[in-house]
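The values are calculated or read from the model by the stated rules, or taken from the named source; none is laboratory data. Note that this is a predicted model, so its numbers are computed, not measured. We place every Cβ from the backbone using ideal geometry, glycine too, and count neighbours over all the protein chains shown. We work out accessible area using only protein heavy atoms, side chains counted, and drop any ligands, DNA or RNA first. Shrake-Rupley method; radii C 1.70, N 1.55, O 1.52, S 1.80 Å.
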Amino acid sequence: MRKSILLLSFLLVISLGKVVADEGMWLPILVQRLNYTDMQKAGLQLTAEEIYSVNHSSLKDAIVGLSNGPTPSGYFCTGEIVSDQGLIFTNHHCGYDAIQKHSTVEHDYLTDGFWAANLSEELPNPELSVSFLVRMEDVTDSVLAVVNDTMDVQERAAAIRKKTAELRKNNSDNGRYNVVVKSFFEGNEYYLFIYEVFTDVRLVGAPPSSVGKFGGDTDNWMWPRHTGDFSIFRVYCAPDGKPADYSPDNVPLQPKHHLPVSLDGVKKDDFTMIWGFPGNTDRYLTSFGVDFNLNNQYPAIIELLGRKLDAWKSFMEADTKVKIQYASKHASMANTWKYLIGQTRGLKRLNVKEKKEFLENDFTQWAAGDEQRSQRYGTVLADLQNGYSQMAATIRPMLYTNLAGLGGAEIIGYALEFASLRELLNPISKKDLPKDKEMAAKALQERQEKLAATIKNLREGVQEQFKDYYAPADQKVMAVLFDAYAHEMPFELQAEAFVAMLAKKGGNTEALAAEVFNNSIFASPEKVNAFLDKPNLKALEKDPALRLADSFMGKAMEAAGGFRTAQASLATAKRLFLEGLRKMQANKVFYPDANSTMRMTYGSVQDYYPADAIHYDYISTAKGILEKEDPTNDEFIVPPYLKELIEKQDFGPYADDNGKLIVCFLSTNDITGGNSGSPIINGKGELIGLAFDGNWEAMSGDIAFEPALQRTINVDVRYVLFIIDKYAGATRLIDELTIHKSEPKPIRIEKI
Ligand code: ARG
């Protein structure tokens with residue numbers, strides 16, 4: 001599951017004393033203490049040192065976080081190193097944005113796939129980076145030493161920020177490493193993570209979307225699945241092995257560890273573990289939080305994203321170029337939209353709120369148990385309830401302002417990028433200049449330089465803005481989102497410029513959008529460039545898109561203010577609730593919520609019963625690809641050569657013992673967005689597949705884990721290899737891998 005950037009930032013182990021597998025995203029340094037014995041019993045054959053070690057190469061050295069830029073603090077996906085030449089496997093939907101950016105109507109790698117024939121054909125991706133975890137450390141004591149209970153929320157946050165900055169600086173080895181400090185258990189613990197970040201990451205291979213995204217949005221978040229959701233990258237470094245930005249002189253990285261690949265496949269109950277960078281979970285959310293999500297937060301987001309998606313879709317269907325341009329934006333938004341719908345359904349069906357209330361009743365009783373407890377925890381639940389009701393009162397205006405206004409039509413956000421230019425074009429009045437003549441001249445010159453730099457920057461951004469942009473589609477988005485805004489946003493909270501401009505159009509949002517797009521300089525690259533050739537203040541001041549942007553911005557700040565105050569009031573209550581809960585259930589081993597740090601989860605290969613009288617098998621096979629085939633539906637096209645291979649059952653060494661080609665399989669591992677692309681590994685430390693999704697019946701999983709229903713959907717590594725080898729003929733990549741197979745030896749893999 002890819003981590004969604006869109007989700008706003010707010011978005012119970014059972015037995016006593018013993019950790020239960022399946023549920024839990026565990027921190028690698030605690031594995032030996034908390035999980036190792038249990039994992040061994042379940043089928044793990046590696047030593048604890050082979051899993052996580054700071055001094056020797058270990059499994060963790062083959063796991064990378066995918067992100068953008070050299071100093072990330074979070075990761076949208078996970079990848080794994082699979083060769084001694086820095087080859088990385090991840091999901092197709094994780095590489096999707098990179099693949100899309102390299103695609104044009106002439107070279108449509110989304111539709112046709114991409115296979116670099118040799119190193120020199122591998123394509124650089126200027127933004128992309130991969131992070132290797134060097135080590136991690138518990139810094140709770142030193143962080144909590146700088147705070148005390150008399151501090152208010154702001155003071156506490158400031159003290160922690162200062163301490164964190166110091167820790168980051170002291171551990172960076174003069175900037176060599178990217179150091180991240182994260183809060184755990186709602187600020188009850190802190191850990192530090194030291195990463196080596198590589199910024200030359202190249203695209204090596206991708207199957208066509210008809211394999212990598214087979215089933216499209218229809219099958220997304222669902223089982224049974226038949227998707228070959230993988231893509232291949234390679235990490236490069238300077239000739240001395242150090243990280244370096246892209247250069248033709250860079251060489252493939254020789255990693256500390258790479259995962260061998262197993263062709264042995266999976267059986268029910270087999271031990272599995274998944275390593276990666278899960279982004280966000282909210283397992284300790286209270287009933288008030290569930291209520292808030294269900295009734296206040298999600299409905300508005302679902303409504304607004306749905307409108308935008310529909311508008312885009314109609315233009316994508318009509319024009320191949322637009323389809324490529326909007327593919328990545330559309331896929332990731334559609335993913336979030338379906339996630340929120342599924343989560344809403346899951347929370348209701350599984351009575352999550354009621355289950356939380358049950359626990360909260362216990363908490364109330366426990367807190368009343370003695371004087372000290374009741375002092376510290378007595379008001380915690382009431383504070384939470386209060387905080388959420390304040391958030392509930394403020395979130396709707398915030399969501400509408402942000403999702404329908406400021407972040408609705410793309411032209412609004414783009415116009416806002418010119419606000420700093422407008423400031424610089426405003427002549428400085430004499431009284432704002434220094435008295436001293438020389439200094440005044442210097443100030444004027446600095447301003448001129450700043451102006452020139454700003455114009456240069458904006459000019460460089462033009463191509464980027466319009467590469468994946470189609471103004472008529474954006475105009476439609478504006479019309480449908482403004483319509484929602486006009487009807488759903490209380491009139492007195494609507495942005496002034498919006499109200500005035502809409503009144504002039506007699507309340508018709510289509511007409512308003514048309515007026516904006518006809519008159520704004522931000523609607524076409526030609527107009528923007530012509531403006532930048534001769535920038536003038538007047539044009540900016542009267543630009544309708546920028547006027548709207550300003551007005552929405554003002555409202556967004558107001559709305560955010562109230563919301564943030566409510567959120568801050570929750571921070572203390574959340575921390576105390578979790579502190580109390582851990583005391584109340586002193587025998588339970590708690591695991592921390594996901595927060596974009598490296599985690600390990602273990603479980604087994606398992607089927608499930610999604611509803612009464614229905615049983616879902618734990619594997620899907622190539623036969624199902626042909627069953628789902630529908631040449632009239634873009635999401636279910638089967639490439640002719642794939643069809644031929646499946647019909648002839650020409651699976652090479654990648655078939656199972658019965659001659660079937662397994663495509664995907666299920667496991668009980670506990671994952672979430674950010675884990676996409678994560679390796680699923682057997683008891684011997686070998687790669688058996690790539691995790692890529694969760695299942696529809698347990699979409700409430702980020703808030704409550706449901707052991708009977710919650711499954712991870714993995715693509716079988718044998719299907720990945722089959723596509724690379726038999727379908728694409730990219731045998732040079734197969735030759736790089738370390739392939740393991742128990743007896744009988746495979747027919748075609750001569751190298752092992
Ligand atoms: N649900 C998957 C995730 O969150 C994304 C799968 C992408 N596929 C798609 N059809 N959009 O990572």
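Can you give the accessible area per residue of segment 290-388, in Å², using a 1.4 Å probe?
Working: 4660 Å² over 99 residues.
Result: 47 Å² of accessible area for each residue.
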field: Rounded percent of accessible protein surface that carbon and sulfur make up, segment 333-449, 1.4 Å probe
entry: 52 percent
- prompt: Given segment 626-752, what count of lysine pairs have C-alpha atoms under 26 Å apart, with each pair 8 or more places apart or on different chains?
  reply: 23
message: Which lysines, if any, have their Cα less than 27 Å from the Cα of Lys442, not counting same-chain residues under 8 positions apart?
response: Lys430, Lys431, Lys450, Lys456, Lys534, Lys538
List Asp617, Asp725, ordered by accessible area with a 1.4 Å probe, largest first: Asp617, Asp725
statement: Under 21 Å between C-alpha atoms, the lysine pairs in segment 251-400 lying 8 or more places apart or on different chains count 14
DSSP-loop trypsin sites (Lys or Arg not before Pro) across segment 222-299, with at most 16 other Cβ within 10 angstrom: Lys256, Lys267, Lys268
message: How big is the dipole moment of segment 16-109 about its Cα centre under a simple scheme where the beta carbon of each Lys and Arg is +1, that of each Asp and Glu is -1, and everything else is neutral? Debye, nearest 20, please.
response: 360 debye
- prompt: Around Ser604, which amide H atoms from residues at least 5 apart in sequence, or from another chain, sit under 5 Å from its own amide H, with H modelled in the peptide plane?
  reply: Thr272, Thr668, Asn669
message: In whole percent, and with a 1.4 Å probe on the protein chains, what portion of the accessible area of segment 522-639 is carbon and sulfur?
response: 54 percent
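Taking loop as defined by DSSP and a crowding limit of 15 other beta carbons within 10 Å, which trypsin sites (Lys or Arg not before Pro) in segment 364-455 fit? Don't jump to the answer; show the numbers that get you there.
Working: sites: Arg373, Arg376, Arg422, Lys430, Lys431, Lys435, Lys437, Lys442, Arg447, Lys450; in loops: Lys435.
The qualifying sites are Lys435.
What accessible area per residue comes out for segment 582-658, rounded to a whole number of Å², with a 1.4 Å probe? Don't jump to the answer; show the numbers that get you there.
Working: 3730 Å² over 77 residues.
Ligands and nucleic acids excluded, the result is 48 Å² per residue.
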- line: With Asn250 itself left out, Lys, Arg at +1 and Asp, Glu at -1 over residues whose Cβ is under 11 Å from its Cβ give -2
task: In whole Hz, with x marking every Gly and Pro, tabulate ³J(HN,Hα) for segment 223-239 from phi via Karplus 6.51 cos²θ - 1.76 cosθ + 1.60, θ = phi - 60°.
output: 10, x, 10, 9, 9, x, 7, 9, 8, 10, 10, 9, 9, 10, 9, 5, x
field: For segment 76-234: accessible area per residue (Å², 1.4 Å)
entry: 37 Å²
- line: Whole-Hz Karplus couplings 3J(HN,Hα) for segment 126-143, θ = phi - 60° and coefficients 6.51, -1.76, 1.60, Gly and Pro as x, run x, 7, 5, 9, 10, 10, 9, 7, 7, 6, 9, 8, 7, 10, 3, 4, 6, 6
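Counting only protein heavy atoms and a 1.4 Å probe, tell me what percentage of segment 645-750's accessible area is made up of carbon and sulfur. Walk me through the intermediate numbers first.
Values: 1410 of 3010 Å².
Summing carbon and sulfur atoms, their accessible area is 47 percent of the total for segment 645-750.
Would segment 492-619 count as rounded, prolate or oblate if I go by the C-alpha gyration tensor, calling it rounded below 1.5 in a/c and otherwise prolate when a/b exceeds b/c, oblate otherwise?
Working: a/c = 2.75, a/b = 2.02, b/c = 1.36.
Taking the square roots of the gyration eigenvalues as a ≥ b ≥ c, segment 492-619 is prolate.
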task: Would you work out if segment 159-305 is rounded, prolate or oblate? Take a ≥ b ≥ c from the square roots of the eigenvalues of the alpha-carbon gyration tensor; rounded if a/c is under 1.5, else prolate when a/b is larger than b/c, oblate otherwise.
output: oblate
